[in-house]
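The structure appears right after this line, and notes come after that.
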Amino acid sequence: MLLSLTACAEKSASTNLFAMDTYMSLTAYGSNAQTALTDASRRINELERMLSRTVAQSDVSKLNESRRAAVSDETATLLGDALQYAAKTDGAFDVTIAPIVNAWGITSDTPRVPDSDEIAALLTHVGSSHVHLDGNAVTLDEGCAIDLGGIAKGYASDCVASIFADYGITSGCVSLGGNVYVCGNKPDGDKWLVAIQDPQGDDYAAMVALSDAFAVTSGGYQRYFTAEDGTVYQHIIDPKTGYPVQSDLLSVTVIADNGTMADAYSTALYVMGERGAIDFWRANADRFDVVMITTDGRLLYTPNLQDQITEPEGTTYDFQVIDR
Ligand code: AMP
Ligand code: MG
């Protein structure tokens, strides 16, 4: 009896860590589970030391301070990818938004509301044309800076996925803040159930059954500050205006087979708003799926997800499929 039980039970390991300014949890199944998680945690910490703009000696900090730096191959590649996502999203996702992010300080201890002249002046330093990449040598134009906060966790989830593959892990789930990666199926063979948080409550708004996928959520509800006059300013900036996005969306979840892309696109689609996001999905429908929650109470999802999405009992959201 005991023997057969042991034979059935998969070996598993779990770990929690705080990195990249967020709580992370990782679970893996299989004989290498513990070593895979130790390696994955080490890798995430290493990426934070390299990519964070709040870690003094990171590639990004060196670059932002001196506007010229020799960065690691990895930073150079990720920065190159980020520039491509900026081009693909017509600048809705733009890592050169950093000077504006700094001015608002929404995720810092000292957030404030910059005046419109300050924003207009800083906006002249935003845009991919200010970044010059030549192998590992990166140069930024004067007044410019970069912030990989909209893509780094997605990239980290890709790195975890490749570590899982190296160790032969065929079942696992990872949550790096709003960035989820599910490896294979659950040990019982069913798909993983990924919960999409209700931006207006503590519960979840929908469940999506997934295997071997990345699901990345962006939303104003995740980080914001309330000014003295009661105005709420959330952390995602519209690079066209320099102001926090005033979206008709509460959250966007992008589901894809690439975590870096899903992270860039979830931020971008939140900036675009419902119409722009739907148009962008239609033009790229083979690349990703999406779930969007609108301010007027609709929960929109792409047709591929029809058999994978479940509504919680008593939901107040109106679930609707997006037309192709
Ligand atoms: P995410 O949670 O992935 O949507 O990323 C949001 C974070 O990315 C913010 O906290 C900023 O650090 C940064 N960010 C804000 N607006 C943008 C933008 N339009 N494009 C790229 N990064 C942004
Ligand atoms: Mg993002």
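Quick notes
- Fluctuation leader among Glu46, Glu228, Glu65 - the chain, Gaussian network, Cα springs under 10 angstrom: Glu228
- Cα-based values for the range 48-142, radius of gyration first and Dmax second, are 13.5, 38 Å.
- Eigenvalues of the alpha-carbon gyration tensor of the range 145-200, scaled by 5 and square-rooted, set the equivalent ellipsoid semi-axes at 24, 18, 5 angstrom, largest first.
- Peptide packing for 66-79, 247-260 was compared via the average number of neighbouring C-beta atoms within 10 Å per residue; ordered from the highest value, the list is 247-260, 66-79.
- Cross-link partners for Lys88 among the lysines, with Cα-Cα distance under 19 Å and sequence neighbours closer than 8 places in the same chain left out: Lys240.
- Partner lysines for Lys191 [C-alpha distance under 24 Å; skip if fewer than 8 residues away on the same chain]: Lys11, Lys153
- Separation between Cα centres of the range 139-182 and the range 23-63, rounded to whole Å: 9
- Rg/Rh for the range 173-310 stands at 0.98; both radii use Cα atoms, and Rh follows the Kirkwood definition.
- Ranked by the mean number of other Cβ atoms within 10 Å of their residues, highest first, the peptides 112-122, 200-210 fall in the order 200-210, 112-122.
- Cα Rg, Dmax (largest Cα-Cα span) when computed across the range 243-324, Å: 12.3, 38
- FRET efficiency for Asp286 and Glu65, using Cβ-Cβ distance with R0 set to 51 Å, rounded to 0.05: 0.80
- Across the chain, the mean sequence separation of Cα contacts (distance under 8 Å, 6 or more residues apart), normalised by length, yields a relative contact order of 16 percent.
- For the chain, a simple Cβ point-charge model (Lys and Arg +1, Asp and Glu -1, everything else neutral) yields a dipole of about 600 debye relative to the Cα centre.
- The range 4-75: chymotrypsin sites (Phe, Trp or Tyr not before Pro) in DSSP loop, at most 16 other beta carbons within 10 Å: none
- Net charge over other residues, Cβ less than 14 angstrom from the Cβ of Ala137 (K, R count +1; D, E count -1): 0
- Rounded if a/c under 1.5, otherwise prolate or oblate - the range 105-172, Cα gyration tensor axes: oblate
- Amide H to amide H, with H built 1.01 Å from N, Leu249 comes under 5 Å of Glu274, Thr295, counting only residues 5 or more places away or on other chains.
- Using the Cα coordinates of the range 98-251, the gyration tensor eigenvalues translate into equivalent-ellipsoid semi-axes of 34, 23, 10 Å, sorted from longest to shortest.
- Its residues counted as N, the chain yields a C-alpha radius of gyration over 2.2 N^0.38 Å of 1.02.
- Note on the range 192-258: Cα Rg divided by 2.2 N^0.38 Å, N the number of residues, gives 1.32.
- Accessible surface, per residue, of the chain when the full set of protein chains is kept, probe 1.4 Å, Å²: 46
- When shorter helices are ignored and each DSSP H run of at least 4 residues is given -39500 (n - 2.57), the per-residue value for the chain at 222 nm works out to -10500 deg cm²/dmol.
- Along the axis of the charge dipole computed for the chain (Cβ charges of +1 for Lys and Arg, -1 for Asp and Glu, origin at the Cα centre), the listed residues Gly276, Gly149, Ile163 are led at the positive end by Ile163.
- Relative contact order for the range 24-144, counting Cα pairs under 8 Å that sit 6 or more residues apart, in percent: 24
The values are calculated or read from the model by the stated rules, or taken from the named source; none is laboratory data. This one's a predicted model, so the numbers in the text were calculated from it and none came from an experiment. Every residue, glycine as well, gets a Cβ built from its backbone with ideal geometry; the counts of neighbours run over all protein chains shown. Heavy atoms of the whole protein, side chains included, go into the accessibility calculation; ligands, DNA and RNA do not. Shrake-Rupley method; radii C 1.70, N 1.55, O 1.52, S 1.80 Å.
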